[in-house]
Amino acid sequence: MVIEIAKFGVEEWLNKWEKEARYDISQSSIAALTLKELTNLGGMTVTAFFEKLSSKELDYGWIEGSPTFKKLVAKFYQKIPTANVLQTNGSTGANMLALYALLNPGDHVVTTFPTYQQLYDIPRSLGAHVDFVRLEEAANWQLDLEKLAAVVTPATKIICLNNANNPTGTLLDRIALERVAAIARKADAYVVVDEVYSPLVDSDDFVSIADVYEKGIATNSLSKTYSLPGLRIGWIASPDSEIVNLFRKYRDYTLISSGVLDDELAVLALSNRAKILQRNQKIVIDNLEIVKKWIEKEPRVELVLPKNVPTSFIKLDIPEDDYSFCVSLLKNTGVLLVPGTAFGVPQHARLGYCCDKKTLEQGLALLTQHLRKFDK
Ligand SMILES: Cc1ncc(COP(=O)(O)O)c(C=O)c1O
């Protein structure tokens, strides 16, 4: 049973408007690296990098990702053997793989609202029944674990989470995640966590589900924390070898491999991880400071500060709906946000503050100007 899938709110919005933006402060990645910057991090020019690869056959390459890629990724976890890492087409590909492989019609899935739409609309399209635990702004968008425990039943197949959460930017720390694992263990449910926004600072707070739960499934990619969404490289990892074998089976039908060149570039990025993280920590810290100062002076905007991750969700105190506000903002100023409606949360907007500093500063200044029309 396949049910027609809903439109993907945030992607639909971005596909329609992002090319018109002059000040794009909507995106949830950290300012992307250029090919030159990436090869330079590895001490090579672009020419030298491609020269080195020039006699490489463009066959399917390593099916699960190269051994080096898998080894570099496995090192991020405490309990994941290299064999239990599979390369995917981004984190979206990893989420799709997990959900497609695990779910049957009638299965029960629990997730939060808001969250990344993939995590509930793919299950629904596969015929699963999805229950939500609502994240409340008054509770700083933090997951209420008692509410979660009340919704999970012995019939629950998967708890799906996004940690840190898009759009709110809030984090489930180690203690909270261990409690999620305990709730799931009681129901013998899997926990799929999209960890594409692992935080760049205070990372002691962050732990992967793959390291706290034996039926935990972590998905991740190079798109956000590593500033390389154009590579389309992600991965899925679990300590449960049986489930990884199931993913292998489904992956043969949906991907085969991620391509020789992308794998090479991914290995280059992961081998220079510390340099990329250093660059990106600075962007997150500096730009968050700009946002904090802006919020202090902007009476029509409130924000639960994101946990050093590049997505944030502002509340708009305006007498207009968020969708038409965001359209008129773009048309009049060239500034792009994502309306909260795209995440099912009206009167909010996603502010992607990890673009280049100038774009952020000019974008926020123009947003302020545009908000002043409501003061008259
Ligand atoms: C939670 C979440 N997962 C996955 C993605 C897409 O990631 P990728 O580029 O790795 O497919 C996004 C992008 O916005 C996201 O917010």
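The values are calculated or read from the model by the stated rules, or taken from the named source; none is laboratory data. What you are looking at is a predicted structure, and each value in this text was computed from that prediction instead of being measured. When we count neighbours, we look across all protein chains shown, and the Cβ atoms used for this are built from the backbone with ideal geometry, even at glycine.
Of note:
- Subset of region 1-32 that is more than 18 Å from TYR353 (Cβ to Cβ) and touching a Gly at 6+ places or on another chain (Cβ under 9 Å) - its residue that is nearest to the ligand (Cβ to nearest atom): GLY9
- Look at region 27-38: where a residue is farther than 16 Å from LYS275 by Cβ and a partner is assigned to a helix (DSSP H, G or I), sitting 6+ places away or on another chain with Cβ atoms under 7 Å, you get SER29/PRO229.
- Any hit, region 178-188, residues being outside the structural domain of LYS282 (by TED's automatic domain parsing), surrounded by fewer than 16 Cβ atoms within 10 Å (Cβ to Cβ), under 29 Å from ILE285 (Cα atoms) and away from the ligand (no atom under 16 Å from the Cβ): yes
- Residue list for region 224-245, restricted to those being of a type outside the set (Ser, Thr, Tyr), away from the ligand (no atom under 14 Å from the Cβ) and over 19 Å from SER257 (Cβ atoms): PRO239, ASP240, GLU242, ILE243
- Pairs, first charged (D, E, K, R) in region 91-109, second away from the ligand (no atom under 16 Å from the Cβ), C-beta under 7 Å, six or more apart: ASP107/ALA128; ASP107/LYS157
- Residue check, LYS376 free of Cβ contacts under 8 Å to residues at least 60 places away in the same chain and outside the structural domain of VAL284 (by TED's automatic domain parsing): yes
- Of residues in region 80-103 being more than 16 Å from the ligand (Cβ to nearest atom) and under 22 Å from the mean Cα position of the chain (by Cα), the one surrounded by the fewest Cβ atoms within 10 Å (Cβ to Cβ): ALA101
- Residue within region 277-286 that is within 16 Å of the ligand (Cβ to nearest atom) and either assigned to a strand (DSSP E or B) or crowded, with 17+ Cβ neighbours inside 10 Å (or both) present: yes
- The set of residues in region 304-322 that are aliphatic (A, V, I, L, M), at pLDDT 95 or above and touching a Gly at 6+ places or on another chain (Cβ under 9 Å) comprises VAL304, ILE314, LEU316.
- The residues on offer are VAL193, VAL201, and the sole one that is in contact with a Leu (Cβ under 7 Å, 6 or more places away or on another chain), not basic (Lys, Arg) and not in a helix (DSSP H, G or I) is VAL193.
- Residue-level check: of (1) more than 12 Å from the ligand (Cβ to nearest atom); (2) touching a helix residue (DSSP H, G or I) at 6+ places or on another chain (Cβ under 7 Å); (3) polar (S, T, N, Q), GLN117 misses just (1).
Residue-by-condition table, conditions (1) in a helix (DSSP H, G or I); (2) of a type outside the set (Gly, Ala, Ser); (3) in contact (Cβ under 8 Å) with a residue 12 or more places away in the chain:
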| residue | (1), (2), (3) |
| --- | --- |
| PRO123 | yes, yes, yes |
| ASP131 | no, yes, yes |
| GLN142 | no, yes, yes |
| ALA164 | no, no, yes |
| THR170 | no, yes, yes |
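- Whichever residue in region 321-357 is in a helix (DSSP H, G or I) and of a type in the set (A, V, I, L, M) and, among such residues, is surrounded by the most Cβ atoms within 10 Å (Cβ to Cβ): ALA342
- Taking (1) in contact (Cβ under 8 Å) with a residue 60 or more places away in the chain; (2) in contact with a Lys or Arg (Cβ under 7 Å, 6 or more places away or on another chain); (3) charged (D, E, K, R) in turn, ASP262 satisfies each apart from (1).
- Region 42-79 - residue that is within 16 Å of the ligand (Cβ to nearest atom) and either loosely packed, with under 14 Cβ neighbours inside 10 Å or not in a loop (DSSP other than H, G, I, E, B) (or both) and, of those, farthest from the chain's Cα centre (by Cα): PHE69
- One residue from ASP24, ASP107 being farther than 28 Å from PRO199 by Cα and buried (at least 17 other Cβ atoms within 10 Å of the Cβ): ASP107
- Scanning region 159-169 for residues that are more than 16 Å from the chain's Cα centre (by Cα), in the same structural domain as ILE243 (by TED's automatic domain parsing) and within 16 Å of THR219 (Cβ to Cβ) turns up at least one hit.
- Residues of region 204-223 that are more than 9 Å from the ligand (Cβ to nearest atom) and in a loop (DSSP other than H, G, I, E, B): PHE206, VAL207, SER208, TYR213, GLU214, LYS215.
- Scanning region 110-127 for residues that are crowded, with 24+ Cβ neighbours inside 10 Å and small (Gly, Ala, Ser) turns up nothing.
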